[in-house]
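Colleague: This structure is in structure tokens; I'll ask about it shortly.
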Amino acid sequence: MSQSFNYRHLYYFWVVAKEGGMARAAERLDMAVQTISAQVRELEKSLGVSLLRAEGRNLMLTEAGVAALHEADHIFALGEQLPQRVREAASGPTLRLNLGISDGIAKLAVHRLLTPVLDEPHLRLLCHEGEFQPLLGELALHKLHAVLADRPAPPNPALRTTSQLLGTSAIGWYAPPLWAQAARHEFPRSLAVVPVLLPTEHAALRARIDHWLERERIRPRIAGEFEDSALLSTFAATGMGVMPAPETLGAHLEQTHGLVPVGTTPEVHEQFHLIYSARKVMHPLLTRLLEAGADGTLWNPDPTRSPV
């Protein structure tokens, strides 16, 4: 890179690209449009390529501009984290683990999935719940160390992510006492008679359940659909209906929500994946999670074991 390259010039270009034009960038930065324009031209001069082109009254990114914006996203995302990292280092030893939790994953399982790292004495755990695709974007920008999800990351060379299956669990069905007897009677045909609560289609598990129901020719009596698995179990506990959940969480559902098992569907499984960006030097806590998942110690198949 030329010695004339200037990160301030890159920052002005980044703001122009994010704001969609010189005028909006100048307003955000409280600077003159001419000053912003001159700074971007200096960046183009130092790189030897054009980053922006005029199309009518609009500015568009060239292919080189798209590449520059992608790298600038990484640079300034890391820059935003710098003050907090420095303060943490000054205040004492900490081992920060910044995780995205996909809203499709069973929340009761998250604690157990993270058990291998929770005894770290200097751990600072940050969990961010969100939708699957936006979390992958945050991972690509290095704002997250990894994402826990109910599916692997789709193939995308630009994201450069790796997925590892940490564990699976067969799905059981759990009912409040009000519906337990009816749900057990001729299970799984009973699912067409008793009210059923399901995850919404955003969860990978829903597609597996729908496929199984179709194969068994069961038309469930759906009383509710929920994006959040914790909300699903809460409404089931109130007596609203019967719900599916990983069998490994059955004891916990019974102890904390009063839900009782009424049947199993061993053909349907919940999956738990850790998605991360592979690096030469891996985060030590991610390495610990991956090793636990690989040797089978992370996910105990015994349904009588409580996750907490």
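Colleague: What does the extension gain come out to for I75 and T256, with contour length at 0.36 nm per residue minus their alpha carbon separation?
Modeller: The I75-T256 span can extend by a further 60.7 nm.
Colleague: Just the accessible area for R28, please: 1.4 Å probe, Å², rounded to the nearest 10?
Modeller: Accessible area of R28: about 120 Å².
Colleague: Report K143's accessible area, 1.4 Å probe, all protein chains in place, as a number in Å² to the nearest 10.
Modeller: 70
Colleague: Calculate one ³J(HN,Hα) per residue across region 24-31 by plugging θ = phi - 60° into the Karplus curve 6.51 cos²θ - 1.76 cosθ + 1.60, and present them in order as whole Hz with x for glycine and proline.
Modeller: Taking θ as phi minus 60°, the curve returns 5, 5, 4, 5, 5, 8, 6, 9 Hz for region 24-31.
Colleague: Can I ask one more? Leaving ligands, DNA and RNA out of it, rank V196, V66 by accessible area with a 1.4 Å probe, largest first.
Modeller: Ranking V196, V66 by accessible area, largest first, yields V66, V196.
Colleague: Taking 0.36 nm per residue of separation and subtracting the Cα-Cα distance, what length does fully extending E291 through A223 add?
Modeller: Taking 0.36 nm per residue and subtracting the Cα distance, the gain is 20.4 nm.
Colleague: At 7 Å along the Cα-to-beta-carbon direction for both A23 and R8, put a label point, then send me their distance in nm to one decimal.
Modeller: According to this spin-label approximation, the distance is 2.7 nm.
Colleague: Summing -39500 (n - 2.57) over the DSSP H runs of n ≥ 4 in the chain and dividing by its residue number, what mean residue ellipticity at 222 nm do you reach, to the nearest 500 deg cm²/dmol?
Modeller: -13000 deg cm²/dmol
Colleague: Something else now. Could you please state, rounded to a whole Å, how far the C-alpha centre of region 1-60 is from the C-alpha centre of region 202-241?
Modeller: 50
Colleague: Can you bin region 23-82 into rounded, prolate or oblate? Criterion: square roots of the alpha carbon gyration tensor eigenvalues sorted a ≥ b ≥ c, rounded for a/c under 1.5, prolate for a/b above b/c, oblate for the rest.
Modeller: The shape class here is oblate.
Colleague: May I pose another question? Select from A67, L10, Q133 the residue farthest towards the positive end of the dipole of the chain; place +1 on Cβ of Lys and Arg, -1 on Cβ of Asp and Glu, and compute about the Cα centre.
Modeller: About the Cα centre, the residue reaching furthest to the positive side is L10.
Colleague: So I have (i) 43, 32, 16; (ii) 48, 23, 16; (iii) 35, 23, 20, and one of them is semi-axes √(5λ) of the Cα gyration tensor in Å calculated from this model. Which one is it?
Modeller: Of the labelled values, this structure produces (ii).
Colleague: Could you calculate the FRET efficiency of L178 with H128 from 1/(1 + (r/R0)^6), where r is the beta carbon distance between them and R0 is 35 Å, rounded to 0.05?
Modeller: 0.45
Colleague: Right, another one. If you place +1 on the Cβ of every Lys and Arg, -1 on the Cβ of every Asp and Glu, and leave all else neutral, what size is the dipole of the chain about its Cα centre, to the nearest 20 Debye?
Modeller: 400
Colleague: While we're on this one: Below 12 angstrom from the Cβ of P134, what's the summed charge of the other residues (Lys, Arg +1; Asp, Glu -1)?
Modeller: My count for the surroundings of P134 gives -3.
Colleague: Once you have a ≥ b ≥ c as the square roots of the Cα gyration tensor eigenvalues for region 170-235, tell me rounded if a/c is under 1.5, and otherwise prolate or oblate according to whether a/b is larger than b/c.
Modeller: Oblate.
Colleague: Could you check which residue among P220, P195, P121 shows the biggest mean-square fluctuation in a GNM of the chain with a 10 Å Cα cutoff?
Modeller: P121
Colleague: Right, something else. Per-residue accessible area for E291 at 1.4 Å probe radius, Å² rounded to 10?
Modeller: Taking all protein chains as shown, E291 has close to 110 Å².
The values are calculated or read from the model by the stated rules, or taken from the named source; none is laboratory data. None of these values were measured; they are calculated from a predicted model. Virtual Cβ from ideal backbone geometry, glycine too; neighbours counted across all protein chains shown. Quick note on the areas: whole protein, heavy atoms, side chains included, nothing else; ligands and nucleic acids left out. Shrake-Rupley method; radii C 1.70, N 1.55, O 1.52, S 1.80 Å.
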